[in-house]
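Encoded as structure tokens, the structure appears first; notes follow it.
Nothing in this text is a laboratory measurement; each read-out follows from the coordinates by a stated rule. These numbers come from a predicted model, not from an experiment. Note that we place each Cβ from the backbone using ideal geometry, even for glycine, and neighbour counts take in every protein chain shown.
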Amino acid sequence: MDVLNALVAFSNFVLVPGIAYGSQLALGALGVTLVYGILRFSNFAHGDTMAFGTMVVVLVTWAFQGAGISIDPLPTALLAIPFGILVTIAMLLGTDRVVYRFYRAQKVKPVILVIVSMGVMFIMNGIVRLIIGPGDQRFSDGERFIMSARTFKEMTGLDEGLAIKTTQGITVITAIIVVLLLFWFLGRTRTGKSMRAYSDNEDLALLSGINPERVVMVTWIIVAALATIAGTLYGLDKSFKPFVYFQLLLPIFASAIVGGLGSPLGAIAGGYLIAFAEVTITYPLKKVLGYLLPETLAPDGLVQLLSTDYKFAVSFVILLIVLLFKPTGLFDGRAH
Amino acid sequence: MTPTQTDMIVVDDVHKHFGGFHAVDGASLTIAKGSITGLIGPNGAGKTTLFNVIAGVLGPTSGTVTMDGEDITGLPPHDLFAKGLLRTFQIAHEFSSMTCRENLMMVPGGQSGETLWNTWFGRRRIADEERALRARADEVLEFLTISHLADNKAGEISGGQKKLLELGRTMMVDAKIVFLDEVGAGVNRTLLNTIGDAIIRLNKERGYTFVVIEHDMDFIGRLCDPVICMAEGRVLAEGTLDEIKVNEQVIEAYLGTGLKNKAAAG
Ligand SMILES: Nc1ncnc2c1ncn2[C@@H]1O[C@H](COP(=O)(O)OP(=O)(O)O)[C@@H](O)[C@H]1O
Ligand SMILES: [Mg+2]
């Protein structure tokens, strides 16, 4: 019974939140890794792109809620996501037109593009705060739990409860669908294949008649969709606060780099790795261990390896370790 | 130079400067339709750079390139590709993570599958195209005698086989003119003969015009007429290989000036 309780406690506080958070990071890291693979720079504006997309979703959600449109028990935001994606696509294509294309034509070094993307980051950040304000916004509605802790306890008779939030369920299902679609697209369709070809060997792709501007355009479209979905899922799960999305940049980059920049598969693996590490290390494991260890050995403290205030340090440390031992990341992104 | 009906490519006074260094320094030449033209010259003569300018990889500092009477100076590679102008690289390029067949199937850009709309709503047509592409890729592999490599990763085949694969890329579409940069570099004699045979057949059967950079004079002698010799970014001489071989300037260029050029580059 204690083992079961430990397992349930672990699932409740580490496994389920880890899977949900990992899915959000994975979707974010996919966007970063695609930009890196195709446009060949680290896009610092990605966190704020997520914030921008989510902001549009929040605004449309509010409008729907005001008009009494809902898809109860699911959150209305799901209905608003397509709108968020469309506006974000317009935003990114516009940015590319006005900013990145100029630098691309000059064939500038990637480091210049990184700095340019920081400029874009500040501008997007400003736009988002100007429109929706810097504060915390709640926009989730519908049924809160797929299964609440109490229902679980009643069902199983265990001391420990396992709660699964609707947003966690939605996050995982959406992430699976999005990832399957993306891999099908990259692996099976001609457009996807030309993106891979372009990422693999730009010179050859150009001389094979692949139009680079098309590839870039499709990339931004996919990135806009990924960013909006990732941001919305994160916002539904926690809440929407622009600055938090800027902070998410670190674990997202860590995920993409740990997995191997340019590798979609790596981005996903990296996302879950970082998420689980963060959740496990910052969660007080006292409860779980309390069930497993004999009473005499039961821990006195909380067994929280690191305060949640330092959770971003986890990304750093993992990044450091992986880069020390396998500088290309877990999966080699660029096949050279 | 006035372009005539039989001129495929006219390069007129092209300069390409890298900083103060003149890699191509006033090159002018014409490539006759249906010819296999050889381009020789010591290392650093500017042959590859001239290819890059013609193929739209580099914009020229000055000068013009004309194809079939149309000014193509500075057009991007994919536009030139659409016009039937293709090139291969001195160091073979490949999509290393794809198979040889997939590499070939990547080539004909700009078909139905390339639009997002068709990706989702034109599945049937794309499937038909895929089938046709696949058949063509297999034909090409057969033609090049590398059918057995169809499913091998392109990153894992030998350098010479990569050169063949590069030639294969040009066969996936109906090219008009193909620029081959050092097709024979690092390729063994047998494979080189295979490549030579393929070039001759493509020239005869499909009417491809070729411009071939190569250091192997036997290869050049067997395939090319005329032969153009470049040195120090300029065209020194043009004629049959036998004429070129006894040209005083050419001999001098091969003896010494290559080194001077290198010093200027450094
Ligand atoms: N991107 C570049 N920047 C500076 N110098 C270059 C560049 N590309 C080529 N060169 C120089 O131009 C000269 C001609 O090179 P290249 O066209 O490769 O000669 P070839 O193909 O005839 O051997 C060489 O001296 C080379 O160092
Ligand atoms: Mg060369």
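For a 28 Å ceiling on Cα separation, which of these pairs sit above it: A:Lys107/A:Lys326; A:Lys109/B:Lys83; A:Lys193/B:Lys33; A:Lys238/A:Lys326; B:Lys33/B:Lys163; B:Lys47/B:Lys176?
A:Lys107/A:Lys326; A:Lys109/B:Lys83; A:Lys193/B:Lys33; A:Lys238/A:Lys326
Set the Förster radius R0 to 22 Å, insert the Cβ-Cβ distance between A:Ser239 and A:Ala90 as r into 1/(1 + (r/R0)^6), and round the FRET efficiency to 0.05.
Step by step, r from the Cβ atoms, then E = 0.30.
Determine, for A:His46, B:His22, the number of other Cβ atoms within 10 Å of each Cβ, and report the residues in order from fewest to most.
Listing A:His46, B:His22 from fewest to most nearby Cβ atoms yields B:His22, A:His46.
Given the peptides B:232-242, A:256-266, A:233-243, arrange them by the average over their residues of other C-beta atoms within 10 Å, most packed first.
Highest to lowest by the protection proxy: A:256-266, A:233-243, B:232-242.
What FRET efficiency do you get for A:Ile115 and B:Lys204 if R0 is 56 Å and r is their Cβ-Cβ distance, rounded to the nearest 0.05?
That gives a FRET efficiency of 0.55.
Nearest 0.05, what FRET efficiency do B:Glu243 and A:Phe312 give at R0 = 60 Å with Cβ-Cβ as r?
After rounding to 0.05, the efficiency reads 0.25.
Per the helix-only calculation at 222 nm, which mean residue ellipticity applies to chain B, given -39500 (n - 2.57) for every DSSP H run of n ≥ 4 and division by its residues, nearest 500 deg cm²/dmol?
-11000 deg cm²/dmol
Could you sort B:51-57, A:163-169, A:102-108 so that the peptide with the highest average Cβ count within 10 Å comes first and the rest follow in order?
The packing order, highest mean first, is B:51-57, A:163-169, A:102-108.
Suppose we keep just the alpha-carbon trace of chain B; what are its Rg and Dmax in angstrom?
Rg, Dmax (Cα atoms, Å): 19.1, 64.
Sort A:Asp200, A:Asp72, A:Asp300 so that the residue with the fewest other Cβ atoms within 10 Å of its own Cβ comes first and the one with the most comes last.
A:Asp300, A:Asp72, A:Asp200
Once every DSSP H run of n ≥ 4 in chain A is given -39500 (n - 2.57) and the sum is divided by its residues, what mean residue ellipticity at 222 nm do you get, rounded to the nearest 500 deg cm²/dmol?
That comes out to -23000 deg cm²/dmol.
Using the reciprocal of the averaged 1/r over all distinct C-alpha pairs, how large is the Kirkwood radius of the protein assembly as shown in Å?
After inverting the pairwise mean of 1/r, the radius is 27.4 Å.
Hey, which aspartates and glutamates would be in cross-link range of A:Lys287, C-alpha to C-alpha under 17 Å, not counting anything within fewer than 8 residues on its own chain?
A:Asp2, A:Asp159, A:Glu160, A:Glu295, A:Asp300
For segment A:2-247, compute the orientation-averaged projected area of the C-alpha convex hull (one quarter of its surface), in nm².
Approximately 15.3 nm², given one-decimal rounding.
For B:90-97, what's the mean count of beta carbons from other chains sitting within 10 Å of each residue's beta carbon?
Mean partner-chain Cβ count within 10 Å for B:90-97: 5.
What distance in nm lies between label points placed 7 Å from Cα along the C-beta direction at A:Ala105 and A:Leu292?
6.0
Just tell me how shielded A:193-205 is by partners: mean number of partner chain Cβ atoms within 10 Å of each residue's Cβ, no decimals.
Whole-number average of other-chain Cβ neighbours for A:193-205 is 6.
Taking the number of other C-beta atoms within 10 Å as the exposure measure, put A:Glu202, B:Glu248 in order starting with the fewest.
Neighbour counts put them in this order, fewest first: B:Glu248, A:Glu202.
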